[in-house]
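Q: I have a structure here, written as structure tokens, and I will follow up with some questions on it.
Every number in this text was worked out from the coordinates using simple rules, so none of it is lab data. A quick note: this is a predicted structure, and the numbers were derived from the prediction, not measured. Cβ: placed from backbone, ideal geometry, glycine included. Neighbour counts: every protein chain shown.
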Amino acid sequence: MTSKPKLKVLLCAPRGFCAGVVRAIDAVEEALRIYGAPVYVRHEIVHNKYVVEALKAKGAIFVEELDEVPDTSRPVIFSAHGVPKAVLEDAGARHVFAIDATCPLVTKVHREAELHYRQGRHVLLVGHAGHPEVVGTLGQLPQSSITLVQTEEDVENFHPRDESKLAYATQTTLSVDDTRAMVSALMRRFPEIVGPHREDICYATTNRQEAVKRVAPIVDAMLVVGSSNSSNSQRLKEVAERAGCKFARLVLRAEDVDWNLFGNISLLGITAGASAPEILVEEILDAFAQQFELHVETVSTADESVFFPLPRELRRAAASPPQ
């Protein structure tokens with residue numbers, strides 16, 4: 001009988017679901033419990049295929065636009081990424097039964113952008129074009145009052161009407177280091193620019209990146225559990241590479257692991273994006289246990305105890321459910 005090669009695994013902590021993701025998923029499940037199926041969800045509730053498919057199996061129907069909802073008396077949940085104001089206005093005009101599961105930390109960015117606008121400032125938004133969160137934040141203000149900047153070159157090429165009337169905000173799931181560089185570029189170019197009271201990058205993004213920075217330089221390879229369309233998961237892979245890990249991969253499930261790439265490693269790091277459930281980490285560990293004799297240790301850099309209550313509509317309904 002051939003013995004398995006030994007593999008030490010360093011599990012990053014914190015990893016996986018953040019409070020905003022838990023709240024959004026719980027909102028769909030609670031709406032299904034209270035109102036029954038179907039419950040409609042505009043856009044993926046969080047960027048994870050496993051989570052989306054699990055909710056579909058329970059009766060959630062995912063749509064991209066409100067005109068795909070045939071019965072506006074059924075609940076329609078807005079995803080954790082947030083939506084433009086125009087979507088909220090459209091929901092009101094269609095008399096849609098809307099439940100907003102936008103992460104409270106994204107809502108904070110929206111409110112600060114609105115405040116800057118009311119105070120006459122033009123807002124520069126640091127983020128990735130096309131990401132739902134960025135689309136939602138851009139959609140809080142008139143197009144003439146907010147500009148997306150993705151690179152330091154974008155900052156250099158931006159010419160405001162009044163340099164004394166500028167503010168900036170950032171997507172919540174960016175690389176901490178990249179954002180620091182972008183903010184430095186903004187401050188150099190526009191010394192009077194106003195920033196957020198507290199940085200916009202969320203606690204979960206920061207904590208997960210810090211744990212990866214601790215583990216990545218000392219492992220042979222790094223696995224990030226998460227979907228390819230998840231911004232925070234993609235950033236974890238990039239952070240691992242920048243921290244010195246020569247081999248980092250983003251995988252959704254165990255079936256996505258290319259075992260040909262893991263033949264000669266003895267030390268593996270594993271983390272998970274904020275929209276990846278822990279069951280997928282366990283699935284991947286089980287798959288490695290088939291190939292290796294595992295020794296698993298957890299490397300923790302922060303304790304998380306953040307909790308966000310369900311959207312108001314669901315709290316009210318739970319207190320007095322429909323007859």
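Q: Using 1/(1 + (r/R0)^6) with R0 = 45 angstrom and r between the beta carbons of Ile218 and Ala318, what's the FRET efficiency to the nearest 0.05?
A: 0.45
Q: Where in the chain is the longest stretch that carries no trypsin sites (Lys or Arg not before Pro) classed as loop by DSSP and with at most 16 other Cβ atoms within 10 Å? Let's see the in-between values first.
A: Values: sites that count: Arg94, Arg161, Lys165, Arg198, Lys246, Arg253.
Longest run free of exposed loop sites: 1-93.
Q: Using a Förster distance of 51 Å, how high is the FRET efficiency between Glu163 and Phe247, based on the Cβ-Cβ distance and rounded to 0.05?
A: 0.70
Q: Which net charge results when you count Lys and Arg as +1 and Asp and Glu as -1 among the other residues whose beta-carbon is under 9 Å from that of Thr170?
A: Net charge in that neighbourhood comes out at -2.
Q: Mind checking which aspartates and glutamates have their Cα closer than 17 Å to the Cα of Lys58? Skip sequence neighbours fewer than 8 apart in that chain.
A: Lys58 reaches Asp26, Glu29, Glu30, Glu44.
Q: Students often get this wrong, so try it: which of (1) 65, 54, 39; (2) 68, 48, 40; (3) 70, 59, 31 is Cα extents along the principal axes in Å as calculated from the structure shown?
A: Evaluating Cα extents along the principal axes in Å on these atoms matches (3).
Q: Give me the one-decimal nm value for the distance between modelled label points at Thr72 and Ala289, 7 Å along each residue's Cα-to-Cβ direction.
A: With each label placed 7 Å out from Cα toward Cβ, I get 5.2 nm.
Q: Summing +1 for each Lys or Arg and -1 for each Asp or Glu, what net charge is found among the other residues whose Cβ lies under 14 Å from the Cβ of Pro309?
A: Numbers: positive: Arg23, Arg312, Arg315, Arg316; negative: Asp26, Glu30, Asp100, Glu313.
With Lys, Arg at +1 and Asp, Glu at -1, the neighbours total 0.
Q: Quick one: which of Lys8/Lys246; Lys4/Lys49; Lys8/Lys56; Lys6/Lys246 span more than 26 angstrom between C-alpha atoms?
A: With Cα atoms farther than 26 Å apart: Lys4/Lys49; Lys8/Lys56.
Q: Restricting to DSSP loop positions (anything but H, G, I, E, B) with no more than 15 other Cβ atoms inside 10 Å of their own Cβ, which GluC sites (Glu not before Pro) remain in the range 1-104?
A: Glu64, Glu65
Q: At 15 angstrom or more along the helix axis (alpha-carbon based) and mean Kyte-Doolittle of 1.6 or higher, what helices does the chain contain? Whole DSSP H runs only.
A: Qualifying helices, which must be both long enough and hydrophobic enough, do not occur.
Q: Now a separate question. Going through the range 177-259, which chymotrypsin sites (Phe, Trp or Tyr not before Pro) have at most 15 other Cβ atoms within 10 Å and a DSSP loop state?
A: Phe247
Q: So what's the back-of-envelope 222 nm ellipticity for the chain, counting only DSSP H runs of four-plus at -39500 (n - 2.57) apiece and dividing by all residues, rounded to 500?
A: Working: 11 runs with 125 residues, N = 323.
-12000 deg cm²/dmol, from helical runs alone.
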